[in-house]
Structure formats: structure tokens, C-alpha cells
Amino acid sequence: MKLGINGFGRIGKLTLWHHVARKYFKEIVVNIGREVGTSFYDLLSYIEKDSTYGWLPVYLYGHKAKRVIENANEAEKTVEIDGIKVKFLMESRNPKDIKWREEGVRLVVDCTGKFRDPTVDPEDPKGSVRGHLVAGAEKVIVSAPFKIKNKEKGFPEDTVTVVYGINQDFYDPSKHNIISAASCTTTCLSYMVKPLLDYFGVDRILSASMVTVHAATGSQVVLDRLPQTGKKDLRRARSVFNNIILTTTGAAEALALVIPEMKKIGFMAESVRVPLNTGSLIILTVNIQDESIENHINRDLINNIYKEAASGNYKDYLIFTMEQNVSCDIIGYPKAAAIIEGTETHTRTALAKVDICKALPEVGKTVCTHIEIPITQIVVYGWYDNELGSYTNMLGDLTVYIAEKMI
């Protein structure tokens, strides 16, 4: 089977790296939709070198590395990368016009970040993710959360959101043609939340919130610039080099698609961008109804929950550590959806007074009283490499999973 990649920014390029290393697909077709630089060799230079992850041969072979890009054919736009044939398409940016059918591509990973609304008609002049299906693809994986502009439409029946290792069983090959791989933040968050849900159950978790301290992305600007017409978020037009920038995240909404039980829990998600090229952190806060004030949930219990999860059901993607990390330490860390830093797990238990009259006004004022309920607040820290180590590797595993269901 050939793999198609649409879009060649950060995730598109690193997806190529991943699959060149993996060698599951024997041929890869990359659609860029425009010429690059002044020659085909400028594109190859972009592939070989990366400011965050270094030299592609070193990524593949470490200190024994040699050049791995060979047999470049500028006329045909083909090259061999470590033995994998890669062809580049330069003509079309609208998905419906890409030559997937002619190239024999059945599975496409859309890494543009632009075609996120699965309700848009494939003939829309601005393009639609459904255009890939018109162009010959059978399945499309979107490397971003769905974003439906018209909320009244809802999610089409042929779509599903999947975080591999958490809810891949939601995918029905006979039904789902467009699959969202959620986001890097939702991926990490899923692996932080699921072990707690498995242990405590949804009814004991009263509320939760998270803040992601997130590395910069390509949507931000190097220097301050005038905001674009209609843009409400003025901070996105400020320099990524010099600022901590408050922004938003759709992780809460996407998490409910991956773990439906979260719809029963009050959950908030916030995001702060910091001037790093990659390496991000989620600070998760959860309030749990405890059994008693004397025998309350403590730090050791929470860490043991994650330890067991990291060696059990989620062992392939969840890591628990008592080491003291900084963000650089997790860059490129393979298949680590979340790295739980146990040294920073915190708990605090207190009695919360509840006015029954306000909670249950129908009981009448004559019997109003207060009750005290033990509540434990826990704080958990989870690292993730938002580009290669966590997200792209997880996306790669999902891609192979979908491909195997197509054979």
C-alpha cells in the first residue's frame, strides 16, 4: 500500500521521517501543491535537516549515520530516502484535484491543518477534507481535531476521533472514512485522564481542569505584526520569541469525543504558549469525592495508579518517572503520549460544606442543614513532545492501524 501525505509543514515532514524509519509503506506520495525554492534539491535539503531534531540520517542511524537521500530525479520529482521511494506532487492544493487515484494512493494523512471541517462540500472552491475521497482516497486521517463551523450540522456519520491506545476500537472500517487523530494536547491529556477514570470511576470525579504550557507553533509570528482583518486574538500577532502568550485550546471538546464519560464531568482547558521550539507540559487538576478525611487519597496512591497504568493497559504510550525533567529532556522521546513526573504529584484533602437547602430546594427550609463532604484535589504533571516524539509517532501508529484494517 502507498501512503499519501498532504501538506509538508512540521507534522507532514516529521510524518515522512516516521514512515521512512518504519518502512511499513514501501512508497510514499507527498502533495505539496507548489514549487519549493529554486530547485528540487532545495526540497531535499528541507527534508534532510531540521532545526529541532537535527539531521535525518542521525535520526535514523545515530552516530553511524551516512547520507540516506539518493537517486533524486528532478524531472519526475522522485527520490529514495533510506530505500523508500518518495514522489512529490506540486500541482494542486485543493484536495479534490490531487492525483491520488492516478498515483494508486488509498490512504491519506492530511497534515495541512486547513481542512478540519468534515461537513464542507468536496467541491467547495476553498477545499474540503472530503475532496481527498473524490480524488481517489478511501480513508483520510486528519492530523488535527475536527472543527465544524456550523455547530447545528453535527459530526457526519462517516467521521470519528481517535487517540491510538485509548479508543481505536471506536473506528469502524465499514463506516468511518475520515478520522481525526485529535491534537498533541488531547493525546497527552487522554493518557493522563484515563487511568484516573479507570480507577475512581466517573461518578467520583466532580470537576477537572488543565493548563497546557505549550511550545510555539507555525501559526505564530517571529516579530510583532498588524493583526489580520477580523482576527479577535490580538496576542497571536505578537512575537513568539519574546513572550508568554495566553491562547485557547480545543482539548476539552476533543477529549469528550475520545473519552465520552468526560461529558459528565465539568472540565475546563486553557493554554499558554511559551518561546520553545517543542516540548510541552500539561498541568492537570482533578477534584474527587473522597471516602473519608482520615483515610484520604494521597500522593502515593495517585502515583501508584499511574505506575500500574504505565506497566499495564497503557504501557506502550504512558511513562511514569520519578526523575526531575526539563522540557528538553522529552524532545524526541519515542512514543511517549504522556510522561508523568511523579515527583510533582500533589494532593490536598479538605471538608467541603454543602448547604442542602441550596442544593435541594424542594426539601423545604424547615429541614435545611449543612453536610460536610471530603474532597481531594490532585495535581498531576505530564510532559509531551508536541511534534515528533509524542504526536507524530502516535499518528504513525494510528496510520498503520487504519492501513491494516484496509488490507
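With respect to Glu70, is the statement that it is in contact with a Lys or Arg (Cβ under 8 Å, 6 or more places away or on another chain) and surrounded by fewer than 19 Cβ atoms within 10 Å (Cβ to Cβ) true? No, not satisfied. Of the candidates Ala337, Ala359, the single residue that is touching a Leu at 6+ places or on another chain (Cβ under 8 Å) and either modelled with pLDDT under 95 or within 30 Å of Arg204 (Cα to Cα) (or both) is Ala337. The residues on offer are Thr347, Thr285, and the sole one that is out of contact with any Pro (no Cβ under 7 Å at 6 or more places or on another chain), surrounded by 14 or more Cβ atoms within 10 Å (Cβ to Cβ), free of Cβ contacts under 8 Å to residues at least 60 places away in the same chain and part of a strand (DSSP E or B) is Thr347. Filtered by the rule that a residue be of a type in the set (A, V, I, L, M) and either outside any strand (DSSP E or B) or not assigned by TED's automatic domain parsing to the domain that holds Gly332 (or both), the stretch 173-215 gives Ile178, Ile179, Ala181, Ala182, Leu189, Met192, Val193, Leu196, Leu197, Val202.
Only a single item in (1) in contact with a strand residue (DSSP E or B) (Cβ under 9 Å, 6 or more places away or on another chain); (2) under 24 Å from Val162 (Cβ atoms); (3) crowded, with 18+ Cβ neighbours inside 10 Å; (4) of a type outside the set (Gly, Ala, Ser) is not met by Ile259, and it is number (1). Within the stretch 1-28, residues that are surrounded by fewer than 22 Cβ atoms within 10 Å (Cβ to Cβ) and part of a strand (DSSP E or B) reach partners that are of a type in the set (Lys, Arg) and modelled with pLDDT of 95 or more with beta carbons closer than 6 Å, at six or more positions or on different chains, in the pairs Glu27/Lys2; Glu27/Lys85. Within the stretch 55-67, being in a loop (DSSP other than H, G, I, E, B) and either within 29 Å of the chain's Cα centre (by Cα) or surrounded by 12 or more Cβ atoms within 10 Å (Cβ to Cβ) (or both) holds for one residue alone: Ala65.
Condition first: acidic (Asp, Glu) and more than 26 Å from the chain's Cα centre (by Cα). Now tell me which residues in the stretch 18-54 satisfy that. Residues satisfying the conditions are Glu35, Asp42.
Pairing each residue of the stretch 387-407 that is closer than 12 Å to Trp17 by Cβ with any residue that is charged (D, E, K, R), provided the two are 6+ apart or on different chains, yields C-beta distances under 8 Å for Glu387/Arg10; Gly389/Lys335; Asn393/Lys335; Gly396/Arg22.
May I ask you to verify whether Arg101 is in the same structural domain as Leu16 (by TED's automatic domain parsing), closer than 30 Å to Ala182 by Cα, within 29 Å of the chain's Cα centre (by Cα) and not in a strand (DSSP E or B)? Taking the combined requirement at face value, the residue satisfies it.
Contact map, the stretch 201-229: first residue over 30 Å from Leu388 (Cβ atoms), second residue in a loop (DSSP other than H, G, I, E, B), Cβ cut-off under 9 Å, separation 6 or more or different chains; pairs are Val202/Ile265; Arg204/Asp290; Ile205/Ile265; Leu206/Ile265; Ser207/Ile265; Pro227/Asp233.
Among the criteria (1) modelled with pLDDT under 95; (2) surrounded by 15 or more Cβ atoms within 10 Å (Cβ to Cβ), the one Ser292 does not fulfil is (2).
Yes or no, residue by residue, for (1) among the polar types (S, T, N, Q); (2) within 30 Å of Ala135 (Cβ to Cβ):
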| position | (1), (2) |
| --- | --- |
| Tyr171 | no, yes |
| Ile179 | no, yes |
| Ser190 | yes, no |
| Phe200 | no, no |
| Asp203 | no, no |
| Ile245 | no, no |
| Thr249 | yes, no |
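For Arg273, the test of being surrounded by 15 or more Cβ atoms within 10 Å (Cβ to Cβ), within 25 Å of the chain's Cα centre (by Cα) and charged (D, E, K, R) is passed.
The values are calculated or read from the model by the stated rules, or taken from the named source; none is laboratory data. On a predicted model such as this, the values are computed, not experimentally measured, just so you know. All Cβ positions, glycine included, derive from the backbone under ideal geometry; neighbour counts span all protein chains shown.
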